[in-house]
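Every number in this text was worked out from the coordinates using simple rules, so none of it is lab data. Note that the coordinates shown come from a computational prediction; the quantities given were computed from them, not determined experimentally. Note that each Cβ is placed from the backbone with ideal geometry, even for glycine, and that neighbours are counted across all protein chains shown.
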Amino acid sequence: MLGKLATYLRMCGYDTVYAMDGETGDPGDEHLLARADNEDRVLLTRDVSLAEQASRSVLIAGRTPLDQLRELESVGFSIALGEQPARCGACNGLVEPLADGDPVPDYAPDPAEKTLWRCRDCGQVFWKGSHWRDVESRLNES
């Protein structure tokens, strides 16, 4: 229920696990609660009952990702993009600069013109292009 929020949090550098990552069905409340406890995570949810059961949770009321981000900001989360990507928005893997000589996919710009990063886990290549600027602009909205 908070997949887009997870993507934004990853772009802000947060180690963010989304309940449906790699799942084919609903993982169930017990699984989510156990995982949050075992991994010392804050559970973000729109489910009142689930939030009440978690040892650390934030109940999210907003329906849009930007409203949800503002809620998190109001309880102490820093919501801003870093100078460079830290986490993959798709899989949550760590992102590292593309090394000289690494293959560059056809969809990516020339590494001589733009700094490129690659996810260590899924291999996706990132750069600070129009999507990055769009997200940055949205995050800076009042």
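Points to keep in mind about this one:
- Within the stretch 12-136, DSSP assigns beta bridges of which about 65% are antiparallel (rounded to the nearest 5).
- What the phi angles of the stretch 111-118 give under the Karplus curve with 6.51, -1.76 and 1.60, with θ = phi - 60°, is a coupling list of x, 6, 9, 9, 6, 10, 10, 10 Hz, glycine and proline written as x.
- Label-point separation in nm, residue 47 to residue 15, each point 7 Å along Cα→Cβ: 2.4
- Evaluated with a Cβ-only charge set (Lys, Arg +1; Asp, Glu -1), the chain carries a dipole of roughly 300 debye about its Cα centre, given to the nearest 20.
- Helical runs assigned H by DSSP (4 residues or longer) give the chain a calculated mean residue ellipticity at 222 nm of -9000 deg cm²/dmol, each run adding -39500 (n - 2.57) before division by the residue total.
- Built amide H within the under 5 Å cut-off of residue 58, gap 5+: 43, 44, 45
- Charged neighbours of residue 54, selected by a Cβ distance under 15 Å, balance to -3 (K, R count +1; D, E count -1).
- Shape analysis of the chain yields a ratio of the Cα radius of gyration to the Kirkwood radius, Rg/Rh, of 1.01.
- Cut-off under 5 Å, modelled amide H: who pairs with residue 118 long-range: 96, 98, 126
- With R₀ fixed at 35 Å, the C-beta to C-beta distance from residue 56 to residue 106 puts the FRET efficiency at about 0.20.
- Between 0 and 90 degrees, the angle of helix 29-38 with respect to the longest Cα principal axis of the chain falls at about 70 degrees.
- The stretch 92-142: GluC sites (Glu not before Pro) falling in loop per DSSP and having at most 14 other Cβ within 10 Å: 113, 141
- Farthest toward the positive end of the dipole of the chain, out of 112, 74, 127, is the Cα of 74, where the dipole comes from beta carbon charges about the Cα centre.
- Per-residue HN-Hα couplings for the stretch 62-71 [Karplus 6.51, -1.76, 1.60; θ = phi - 60°; Hz; x = Gly/Pro]: x, 9, 9, x, 5, 5, 5, 5, 5, 4
- GNM result for the chain, Cα springs below 10 Å: residue of 87, 63, 41 fluctuating most strongly: 63
- Loop-located GluC sites (Glu not before Pro) across the stretch 1-50 with a Cβ neighbour count of 11 or fewer within 10 Å are 23, 39, with loop assigned by DSSP.
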